[in-house]
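The values are calculated or read from the model by the stated rules, or taken from the named source; none is laboratory data. This structure is a prediction, so every number in the text was calculated from the model and none was measured. Using ideal geometry, Cβ is built from the backbone for each residue, glycine included, and neighbour counts are taken over all protein chains shown. These area figures cover heavy atoms from the full protein model, side chains too; ligands, DNA and RNA do not enter into them. Shrake-Rupley method; radii C 1.70, N 1.55, O 1.52, S 1.80 Å.
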Amino acid sequence: MADLESARRWLAGAERIAVLTGAGISAESGVPIFRGPGGLWRQYRPEDLATPGAFARDPRLVWEWYDWRRSVVAQAEPNAGHLALAELERRTKDFTLITQNVDGLHERAGSRRVLKLHGDLWTLRCTGCGAERVDGTVPLPELPPRCALRLRSGQACGGLLRPGVVWFGESLPADALEQAMAAAARAQVFLVVGTSAVVQPAASLPLMARQAGARVVEINAEPTPLTELVDASFLGKSGELLPRLVEAGVRA
Ligand code: BV8
Ligand code: ZN
């Protein structure tokens, strides 16, 4: 298992880098993670709420969860981990940031090329007419929110709006997934940060990169199914470890 200095040199010397992030990178911004002690909301697990079935059964309950998460994220600021990845992107010729997060903190930290595999907390999509819009209102005035789009008849659509995220059992956006796989296949270094690496197909990306010859580096607060498979694994907080990995050093 390589040490931090070796991993720092690999990153400094690489032209093609891909990164996969999960909820752990936003934890130090005060955004709760999904699994583990901080991962519950009231007595529900994400797997109970982040599904089309849960939404069909009780759209108001699912929206209370998302409205609460939107209000938490609205107060959150990107942390040193987000900022370090934005800096690494500026320094790297071919850089792809792939995120499972829906909080938008990577973009707010200045990351430009962000592939959002699980959608976006700020996008609302009408289950009736399919119209999509970005809406940052917190809290939302009514739950569940309704579509106000005017149809040709002049009437308001009135369809139920859903969060523009990918739920369990739903396919990931094909374009984002395709680009993520291509980035994993060509990366010289693949960085995995703040994910329990249990949700598919995102969790397979580091293994694809490894198969294709990349060096894989993991940063996480606890061991994951990837830990014994990677070239370097650092247990700790991404807000502390990423800046040390990315700090300006002489290019190798
Ligand atoms: C799909 C919604 C094809 C958005 C999410 C069996 C039955 C049914 C399905 C499946 C099955 N087996 C596999 C599947 C597929 C399923 C899946 O993977 N299930 C798992 C649970 C087994 N996947 C899907 O359904 C995907 N779709 O496969 O489509 C298909 C099509 C039709 C029919 C079937 C299949 C869709 C997956 C996306 C689901 N949507 N969320 C939202 O509300 O946010 S998943 C949810 O988990 C979030 O998106 C989140 O991003 C994702 C992963 O979680 P993590 O980000 O890893 O967060 P977690 O809390 O788990 O871990 C955080 C880590 O950070 C921890 O390890 C912690 O130690 C660490 N940490 C904490 N603090 C810090 C830190 N690290 C560093 N620093 C810190 N400070
Ligand atoms: Zn509509």
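If region 142-209 were replaced by its equivalent ellipsoid, with semi-axes equal to the square roots of 5 times the Cα gyration tensor eigenvalues, what would those be, largest first, whole Å?
38, 14, 9
Explain nothing, just the number: relative contact order of the chain, from Cα pairs under 8 Å at least 6 residues apart, as a whole percent.
Once normalised by length, the contact order is 27 percent.
If you take every DSSP beta bridge fully contained in region 86-197, what fraction is antiparallel? Give it as a percent rounded to 5.
75
Which FRET efficiency, nearest 0.05, do Ser6 and Gln179 yield, Cβ-Cβ r, R0 25 Å?
Result of the calculation: an efficiency of 0.30.
Which FRET efficiency value, to the nearest 0.05, is calculated for Ser71 and Arg146 with the Förster distance at 30 angstrom and r the Cβ-Cβ distance?
After rounding to 0.05, the efficiency reads 0.95.
Where in the chain is the longest stretch that carries no GluC sites (Glu not before Pro) classed as loop by DSSP and with at most 13 other Cβ atoms within 10 Å?
Looking at the chain, 16-141 is the longest stretch - no exposed GluC sites (Glu not before Pro) with at most 13 other Cβ atoms within 10 Å.
Which value, to two decimals, describes the C-alpha radius of gyration of region 94-210 once divided by 2.2 N^0.38 Å?
In units of the globular-protein estimate, region 94-210 measures up at 1.27.
When only the heavy atoms of the protein chains count and the probe is 1.4 Å, how do Ser196, Ser153 rank by accessible area, highest first?
Ranking Ser196, Ser153 by accessible area, largest first, yields Ser153, Ser196.
Averaged per residue, what accessible surface does region 185-250 expose to a 1.4 Å probe, in Å²?
44
Relative contact order for region 166-252: what is it in percent, counting Cα pairs under 8 Å that are at least 6 residues apart?
Worked out over region 166-252, it gives 23 percent.
Under a GNM of the chain (C-alpha, springs under 10 Å), which listed residue has the highest mean-square fluctuation: Val102, Val198, Val62?
Val198
Report the residue, chosen from Pro173, Pro225, Pro141, that carries the largest GNM mean-square fluctuation when the chain is represented by alpha-carbon nodes joined by springs under 10 Å.
Between Pro173, Pro225, Pro141, it is Pro141 that shows the largest mean-square fluctuation.
What net charge do the residues around Leu149 carry, taking every other residue with its C-beta under 15 Å from that of Leu149, with Lys and Arg at +1 and Asp and Glu at -1?
For residues surrounding Leu149, the net value is +4.
So how many Å³ per residue does the convex hull of the Cα atoms of region 179-252 work out to?
Each residue corresponds to 98 Å³ of Cα convex hull volume.
Quick one: longest stretch of the chain between exposed loop trypsin sites (Lys or Arg not before Pro), exposed meaning at most 10 other C-beta atoms within 10 Å and loop per DSSP?
After excluding every exposed loop site, the longest remaining stretch is 153-250.
With a sphere of radius 11 Å drawn around the Cβ of Leu172, what net charge do the other residues whose Cβ falls strictly inside it have (Lys, Arg +1; Asp, Glu -1)?
-2
Any chance you could give the angle, 0 to 90 degrees and rounded to 10, that helix 59-75 forms with the longest Cα principal axis of the chain?
50
Quick one: order Thr127, Thr92 from most to least accessible surface, probe 1.4 Å.
Result, largest first: Thr127, Thr92.
Cα extents of region 16-90 along the three principal axes, largest first, in whole Å?
The Cα atoms of region 16-90 stretch 45, 27, 21 Å along the principal axes, largest first.
May I ask for the Rg/Rh ratio of the chain, computed from Cα atoms with Rh as the Kirkwood radius, given to two decimals?
Rg/Rh for the chain comes to 1.00.
Please list 3J(HN,Hα) in residue order for region 117-133, calculated via the Karplus relation 6.51 cos²θ - 1.76 cosθ + 1.60 where θ = phi - 60°; whole Hz, with x for glycine and proline.
6, 10, x, 9, 4, 8, 9, 10, 10, 7, 6, x, 9, x, 4, 10, 8
If you line up the long axis of helix 80-91 against the longest principal axis of the chain, both from Cα atoms, how many degrees apart are they, to the nearest 10?
70
Can you give the helix-only mean residue ellipticity at 222 nm for the chain, where every DSSP H stretch with n ≥ 4 adds -39500 (n - 2.57) and the sum goes over all residues, rounded to the nearest 500 deg cm²/dmol?
The helix-only estimate for the chain comes to -9500 deg cm²/dmol at 222 nm.
Report, by chain and number, residues whose modeled amide H sits under 5 Å from the one on Leu115, excluding near sequence neighbours (fewer than 5 apart, same chain).
The answer is Leu97, Ile98, Thr99.
With axes computed from alpha carbons, what is the tilt in degrees of helix 4-13 against the longest principal axis of the chain, rounded to the nearest 10 within 0 to 90?
The helix 4-13 is inclined about 80 degrees to the chain.
Leaving out ligands, DNA and RNA, what percent of the accessible area of region 1-134 is carbon and sulfur, probe 1.4 Å?
Roughly 51 percent of what the probe reaches on region 1-134 is carbon or sulfur.
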